[in-house]
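Student: Let me give you the structure first, and then I'll get to my questions.
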């Protein structure tokens, strides 16, 4: 019988099938962050229950932490946000789970540090009370986003009760052209299929175009699957995956490495396996893509015009008109960061454009590396100097300007070009207008002061 | 979302539309009109609760007094969070929703909104009808869970 990759991971982890139509799925790892994990951990403490395996539960501080370079361990980026930090720290200690605290060398955004530390691995199940948990499917792990109460259930019982989702495969034929990134591919897919287009499917990304991506690019691609209503995303592990994981802190050690690889090589979709939806996309069709509206699905190629069919409410909020080119739009803010695009390859791509150039007058520009490890690596390569010389603030890692939670942000009405994943009304602040794009597009736009394709700056 | 607690959130529910500045009620917003104030059933459109994993949205609605949401479709994580917290999410098409009046009766055991039937998974229905604590329910299968991990440890020792 032919099985998909997702079938195999599901079957490997099914404890039993329940009368309710759900399956009881064994959960190998739980990763929390202080924003939604604090209430989970406190609830466990209050209930008198214990984590089944505290050694397989991790918590980081990313959503609310200050991004100032000289932050103290309780400093939040929002008024009274420090309560999330201190509550998480206290409850983490009481429950005995792995705490990655604000000032720890390993600190960073959950979906950046989990791969970085080798916590996300092929064939593991991992859940996190965060929408963008799907990112980690890039490592060939079975992962998904859940709520705080479900996280408590996963930590105490070691399982989740879940109805198996339908499955979709999106194969990318050919490889992405020069200057076209995984972010553009992700935005292209959401625009093509719509904000509900994945229909709660587990989406496997496959094909030549996906196999050619680095792990960091795969993380970017999988990150945005939730934005078209996928249950999750997954990419079959391959040589690229094994090479990435070798030697990482939580990766299998030498003694078990060979055994792990033998198992991981079986984690592929069989020839002849069927999906509920099976699509092919031509990589050649994809160009640098930018959103114009208030949904990630409202995006066009950077050299295209906003469609006539554009939703009027979105047009009004974003203060744009149908028929105009994105490249006509002046920006007031630029942000490079978030679990979508804040890894070393993202910073290198932006730095290549910023080198020897400065941002246009009046642009508020910030770069927040996705983890302190990324930040250190960037500094070793001199990237921080390039960013600062260009006029970018250089932050300490965390979610930062991805979402507004009451602290410092762009002024109301500012048009911001951002390497993040959501452009909902008010996402980056009251009346702030968010355009999603790749780090290279953000960098190029910051320099010209208008939404700009990278090759316009470098040529 | 300024506190770690599951309570004290109902003031923030739909705040953007519910209030003018300084938390003064917006008289035009539907929930501030006397006939709808304190409603226990919410009607909506497509993809209600889209993209959010924040269970706080559900806790706020529950504290306000909502016991059910009827919509054309729901964000997945939001839907599950509702089930965990005893709020029923009913999926109906737009015509059926448009035909509902100001007073609506939902019969969960019979799966009906007034006379219109609705679908719900057995598992979700059981949790809502019986008001079960998910953890206690799952721990009834402790033997099977332990057996699974003991077996898996042999197959995938690097994961342990």
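Read the figures in this text as sums done on the coordinates, not as results from a lab. This one's a predicted model, so the numbers in the text were calculated from it and none came from an experiment. Ideal geometry is used to build each Cβ from the backbone, glycine not excepted, and the neighbour counts take in all protein chains shown.
Student: Could you work out, for the range A:15-129, what percent of all Cα-Cα pairs fall into each 10 Å distance bin, beginning at 0 Å and stopping at the bin that holds the largest distance?
Tutor: Bins of 10 Å from zero give 13, 42, 31, 11, 3, 0 percent of pairs.
Student: Now a separate question. Would you tell me the mean number of C-beta atoms belonging to other protein chains that fall within 10 Å of each C-beta in A:247-253, as a whole number? If you can, show how the numbers build up before the last one.
Tutor: Working: counts 0, 0, 0, 1, 1, 4, 1.
Counting Cβ atoms of other protein chains within 10 Å of each residue's Cβ and averaging gives 1.
Student: Shape verdict for the range A:350-405, please, from the Cα gyration tensor: rounded (a/c under 1.5), prolate (a/b greater than b/c) or oblate.
Tutor: On the way: a/c = 2.67, a/b = 1.10, b/c = 2.44.
Oblate, because a/c is 1.5 or more while a/b does not exceed b/c.
Student: Given R₀ = 30 Å, FRET efficiency for residue A:72-residue A:106 by Cβ-Cβ distance, to 0.05?
Tutor: That pair, residue A:72 with residue A:106, gives E of 0.95.
Student: Taking a ≥ b ≥ c as the square roots of the Cα gyration tensor eigenvalues, with a/c under 1.5 meaning rounded and otherwise prolate when a/b beats b/c, else oblate, which class fits the protein assembly as shown?
Tutor: Since a/c stays below 1.5, the shape of the protein assembly as shown is classed as rounded.
Student: May I ask you to compute the full-extension gain from residue A:249 to residue A:19, defined as 0.36 nm times their residue separation minus their alpha-carbon distance, rounded to one decimal in nm?
Tutor: Working: separation 230, 0.36 × 230 = 82.80 nm, distance 4.01 nm.
Answer, rounded to one decimal: 78.8 nm.
Student: While we're here: Would you calculate the separation in nanometres between label points at residue B:44 and residue A:212, each defined as 7 Å from the Cα along the Cα-to-beta-carbon direction?
Tutor: Each label point is offset 7 Å from its Cα along the Cβ direction, giving 4.1 nm.
Student: In the P(r) worked out for the range B:10-120, what percent of Cα pairs fall beyond 25 Å? Intermediate values should be presented prior to the final figure.
Tutor: Numbers: 1253 of 6105 pairs.
Across the range B:10-120, Cα pairs with separations above 25 Å total 21 percent.
Student: What FRET efficiency comes out for residue B:20 versus residue A:46 if R0 is 35 angstrom and r is the Cβ-Cβ distance? Round to the nearest 0.05. Don't jump to the answer; show the numbers that get you there.
Tutor: Values: r = 37 Å, r/R0 = 1.07.
Between residue B:20 and residue A:46 the formula returns 0.40.
Student: Two decimals is fine: what is log10 I(q)/I(0) at q = 0.17, 0.18 Å⁻¹ for the range A:284-351, from a Debye sum with one equal scatterer on every Cα and no solvent?
Tutor: Debye intensities relative to I(0), on a log10 scale: -0.73, -0.80.
Student: Mark the label point 7 Å from the Cα of residue B:29 along Cα→Cβ and return the residues of the range A:411-447 whose backbone N is within less than 16 Å of it.
Tutor: Of the residues in the range A:411-447, A:426, A:430-431 have backbone N under 16 Å from the label point off residue B:29.
Student: Evaluate E = 1/(1 + (r/R0)^6) for residue A:455 and residue A:348, where r is the Cβ-Cβ distance and R0 equals 22 Å; express this FRET efficiency to the nearest 0.05. Each step should come with its number before you reach the end.
Tutor: Working: r = 17 Å, r/R0 = 0.76.
Working from the Cβ atoms, E equals 0.85.
Student: Still on this structure: What is the angle, in °, between the Cα long axis of helix B:142-155 and the longest principal axis of the Cα atoms in chain B? Nearest 10 is fine, range 0 to 90.
Tutor: Tilt relative to chain B: about 60 degrees.
Student: Quick check on the exposure proxy: order B:105, A:78 from fewest to most C-beta atoms within 10 angstrom.
Tutor: Values: B:105 9, A:78 19.
Ordered from fewest to most neighbouring Cβ atoms within 10 Å, B:105, A:78 come out as B:105, A:78.
Student: I would also like to ask the following. Other chains' Cβ within 10 Å of B:129-140 residues: what's the mean? Spell out each step's value before the answer.
Tutor: Working: counts 0, 0, 0, 0, 3, 8, 11, 2, 5, 11, 6, 0.
For peptide B:129-140, the averaged partner shielding equals 4.
Student: Sort A:52-59, A:91-98, B:139-146 for me by packing, meaning the mean count of neighbouring Cβ atoms within 10 Å per residue, highest on top.
Tutor: Numbers: A:52-59: 20.2, A:91-98: 18.6, B:139-146: 13.4.
Taking the mean over residues of other Cβ atoms within 10 Å, the ranking is A:52-59, A:91-98, B:139-146.
Student: I'd like the mean, over residues of B:148-156, of how many other protein chain beta carbons sit within 10 Å of each residue's own Cβ.
Tutor: 4
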